[in-house]
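These notes concern the structure reproduced below.
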Amino acid sequence: MPTLGTPLPDALIPDCTEPEAHRAAYKRAKTNDAIFVCIARQGRRWKVELDAMSCNGPTIPDEALTILRSAAEALVLADTVTQANIAADYISMWSIESEQRAREIAAAFHAALHGFRQLYIAVPSQRRKP
């Protein structure tokens, strides 16, 4: 069974505020066949970014996207983030008040993406049958 890297704890989420750091972290994720995750400072606030196209795993199923969108909507409603985009391969959230909160959110969504992908690989799906 393929593996998809390991979810990162919040302390290990890379700060990709500088473009060079972003390129290096994305390259590391691709090399390790892992889901890319980072935070980046934007003015006085922070952004979270996850990109599943950095690895060879399956696309996140629609059922999992519903759960991720619901979590992102809860963060928007709580004014923790001002905007969130959730797609099958990419997640971004903006205007998070602190670096620590951005790290917590990034680590949680990274673990969720990783877990949903592993579950999708391990559990047979009716949609994959010819």
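The values are calculated or read from the model by the stated rules, or taken from the named source; none is laboratory data. Computed from a prediction, not measured in an experiment: that's the story for all the values here. Note that we place each Cβ from the backbone using ideal geometry, even for glycine, and neighbour counts take in every protein chain shown. The protein model used for the area step is the full one, side chains on, heavy atoms only, and it has no ligands, DNA or RNA in it. Shrake-Rupley method; radii C 1.70, N 1.55, O 1.52, S 1.80 Å.
A few points about this structure:
- Residue list for the range 34-47, filter: assigned to a strand (DSSP E or B) and open to solvent by less than 80 Å² (accessible area, probe 1.4 Å): Phe36, Val37, Cys38, Ile39, Ala40, Trp46, Lys47
Every residue, every condition in (1) assigned to a loop (DSSP other than H, G, I, E, B); (2) modelled with pLDDT under 95; (3) surrounded by 13 or more Cβ atoms within 10 Å (Cβ to Cβ), yes or no:
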residue: Ala11; (1), (2), (3): no, no, no
residue: His22; (1), (2), (3): no, no, yes
residue: Glu49; (1), (2), (3): no, no, yes
residue: Ile60; (1), (2), (3): yes, yes, yes
residue: Leu65; (1), (2), (3): no, yes, yes
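- Flag if Ser92 is open to solvent by less than 50 Å² (accessible area, probe 1.4 Å) and outside any loop (DSSP other than H, G, I, E, B): yes
- Taking the listed residues Thr31, Thr6, Thr17, the one that is among the hydroxyl-bearing types (Ser, Thr, Tyr), open to solvent by 20 Å² or more (accessible area, probe 1.4 Å), closer than 30 Å to Val123 by Cβ and without any contact (Cβ under 8 Å) to a residue 40 or more places away in the chain is Thr31, with no other qualifying.
- Residue within the range 73-88 that is modelled with pLDDT of 95 or more, at positive phi and either assigned to a helix (DSSP H, G or I) or not basic (Lys, Arg) (or both) present: yes
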